[in-house]
Structure formats: structure tokens, C-alpha cells
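Asks: First, the structure itself, so that you have it in front of you.
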Amino acid sequence: MKTIVLLVHDDEGQDARLEAGLGIARALDAHLLCVEVTPGTAIAAEIYAGLGETSLIATAPAGAARAREAVGDRLAREDVAWSWADAEGDIASCLIAAARLADLVILNRTLEGRAIPDMRAIIARLLAHRCPPIVAVPSSLERFEFDRALVAWDGRPSAAAALRASVPLLALANRVELFTAGHVAGDTTAAEAAAYLARYGIKVETRLAALDGVGVEALIRGECESWRADYVVMGGFGRGAWRETFGGVTRGLLDQCPVPLILCH
């Protein structure tokens, strides 16, 4: 992981995105590509973007200079390689283009109490385009921690893709747990995933939790809290992009997970 795309936008999640980007870039000796999106002149709704981002196209310019100044001043004081890219259009389309030669994209999992920009809709579009893994952080994040990584494992191709893509981060963890809620729905077992990580020198614990009337999302959140995970790695869109965006495990964790999510289609 050597190129990390960071969205620059004047909203309450910017500080958290910047802290995560700086922490990960420093840990991996990576380059931080800051993408500042200037709204386009046309207003056009798209099925994945929804009305939230369409409205943003018409109203976003007010804080652009403020965001550029704040982020630029901070980066100038840091020991991280970075560059700046200006893009015009809607946020998702600009990030999709910027991420073609990138390894990670930093976003917020949601912006509490704010519909614009709609981070969940942006994440949905990036995942649907099979972009690099997305690090979706809470707006309250002050520091990205690497010590304890929880991998939500269901054996599906999306979970395997997220696991493979996250190896550089997992290698920094002192403890890694492969957590299965219910049963393995896909073809790859947790033991096979653990063997794969072991070849990278990553030792893992595995745990299977029965559903017992509790939903998958609730089990993952509970394990995250009780095991004191610093972040969660998981596949996104287990049941199709539209349904998973507006309901399901991915949507629920984007709404309520207390720690960063690393998502991959």
C-alpha cells in the first residue's frame, strides 16, 4: 500500500479523515494523494448517489478554500509524502477516477446528523466500481490505531478480497481475530484464511459465534467492543449493491460501528 487517496472537503469528518490518512501513510511509508472536489455546474441525479450528493453539487463551493487551507497547513508540518489533486464533478465520480492507481481510499463511514455529502452513497458507488479498499472512519476519530484487527469472516469472495488487500495493515497488528457470525456462507473456511495469513507471518485467532436470534451486524459490533478491536476488515455488498446500501450488515455497521471499517467488494 503506497498510494492513499484522501477526500478533502469542508465537513465535520475532515479532521478524522486526515488523522487516519496521516497515520496509515506514516505506518506504511505511503504517499497521501489529497483530492479536493469542486462541484460541477450540472446537476444530475444518479441512482447510487441519491439526492444527498445531487444537492451537494449545487451547494458545496462555500467551504472549499477553508478546507484547502486547513489541510494544507497541517500537511506542511507532517513527515508524510503528499500531493494535491483538483477534481471537478460529484465526489464519488472524482474519487473513482483518482483511485485507479491507488491502494486505499479514506472516507467517513457516515456524517452524523448531516445528509450532505452522503458518505454511505459515495462508499456504495466506489465499492460497486470495485475501487481499492475503503477505510471508513467515524467522524470522532482522533487517531488510527493498528494494534488489534478484527476480520469479519463469512467465506465469501468479498471477504477474501478484503483480507488480501489488508495484509499490509494486518501485518502491523499485535493481535488479529477472524470472527465468523453464524456460519460460513462462502466456500473458504476461516482455517484456510488463517493459513493464508500465516504465510505472511501473521498469527491469528479464530472465533465462531452462533446467531441465537442475534443479527450478524449486532454480533460483529458486540465482538468489536468486547474484544476491543481497533478496526474491522470486512467484505461489502453481500447481497447486492442496492439492497446492501440501504439495509443489511454493511449499512448497519456504517451507521453504528464504533471503530473504522475497511471495506472491499
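Here, each number is a calculation from the coordinates, and none is a lab measurement. The structure presented is a predicted model; accordingly, all values stated were derived computationally and were not measured. When we count neighbours, we look across all protein chains shown, and the Cβ atoms used for this are built from the backbone with ideal geometry, even at glycine.
Asks: Report relative contact order for the chain in percent, whole number only (criteria: Cα-Cα under 8 Å, sequence separation at least 6).
Replies: 21
Asks: Below 8 Å between Cα atoms, with a sequence gap of 6+, how large is the relative contact order for region 130-225 in percent?
Replies: About 28 percent, as a whole number.
Asks: Ranked from highest to lowest mean number of other Cβ atoms within 10 Å per residue, what is the order of the peptides 144-152, 177-185, 228-236, 69-77?
Replies: Peptide ranking by packing, descending: 228-236, 144-152, 177-185, 69-77.
Asks: With only Lys, Arg, Asp and Glu charged, each at its Cβ (+1 for the first two, -1 for the last two), find how big the charge dipole of region 148-264 is about the Cα centre; round to the nearest 20 debye.
Replies: 260
Asks: Now, a different point. Quick check on the exposure proxy: order T250, T3 from fewest to most C-beta atoms within 10 angstrom.
Replies: T3, T250
Asks: Using just the helices of the chain, give the 222 nm mean residue ellipticity in deg cm²/dmol: DSSP H runs with n ≥ 4 each add -39,500 (n - 2.57), and the total is spread over all residues, rounded to 500.
Replies: Taking each H run of at least 4 residues, the total per residue is -11000 deg cm²/dmol.
Asks: Over region 148-264, what portion of Cα pair distances is larger than 23 Å, expressed as a whole percent?
Replies: The calculated P(r) of region 148-264 puts 20 percent of pairs beyond 23 Å.
Asks: Okay, moving on. For region 101-109, take each phi angle, set θ = phi - 60°, evaluate the Karplus expression 6.51 cos²θ - 1.76 cosθ + 1.60, and give the result in whole Hz per residue in order, putting x for glycine and proline.
Replies: 10, 10, 10, 8, 10, 9, 9, 9, 6
Asks: Continuing with this model, one more query. Excluding G21 itself, calculate the net charge of residues whose Cβ lies under 14 Å from the Cβ of G21, where each Lys or Arg counts +1 and each Asp or Glu counts -1.
Replies: -3
Asks: Same structure, new question: Using modelled amide H (1.01 Å from N, peptide plane; none on Pro or chain starts), what sits under 5 Å from the amide H of T110, excluding residues fewer than 5 places away?
Replies: For T110, whose amide H was placed from the backbone, the distant partners under 5 Å are S139.
Asks: Taking the C-alpha atoms of the chain, how large are the radius of gyration and the largest Cα-Cα span, Dmax, in Å?
Replies: 17.8, 52
Asks: Sequence-distant or interchain residues sharing an amide H contact under 5 Å with T3, placed H: which?
Replies: H31, D103, L104
Asks: Would you mind working out the magnitude of the charge dipole of the chain relative to its Cα centre, with +1 at each Lys and Arg C-beta and -1 at each Asp and Glu C-beta, to the nearest 20 Debye?
Replies: Rounded to the nearest 20 debye, it is 600 debye.
Asks: How would you order 123-129, 165-171, 197-203, 12-18 from highest to lowest mean count of nearby Cβ atoms within 10 Å?
Replies: My ranking of the peptides, most packed first, is 123-129, 12-18, 165-171, 197-203.
Asks: Explain nothing, just compute: Karplus ³J(HN,Hα) = 6.51 cos²θ - 1.76 cosθ + 1.60, θ = phi - 60°, for every residue of region 139-147 in order, whole Hz, x for Gly and Pro.
Replies: So the J values, rounded to whole Hz, are 5, 8, 4, 9, 7, 7, 9, 10, 5.
Asks: What whole-number distance in Å separates the alpha-carbon centres of region 159-223 and region 1-21?
Replies: 26
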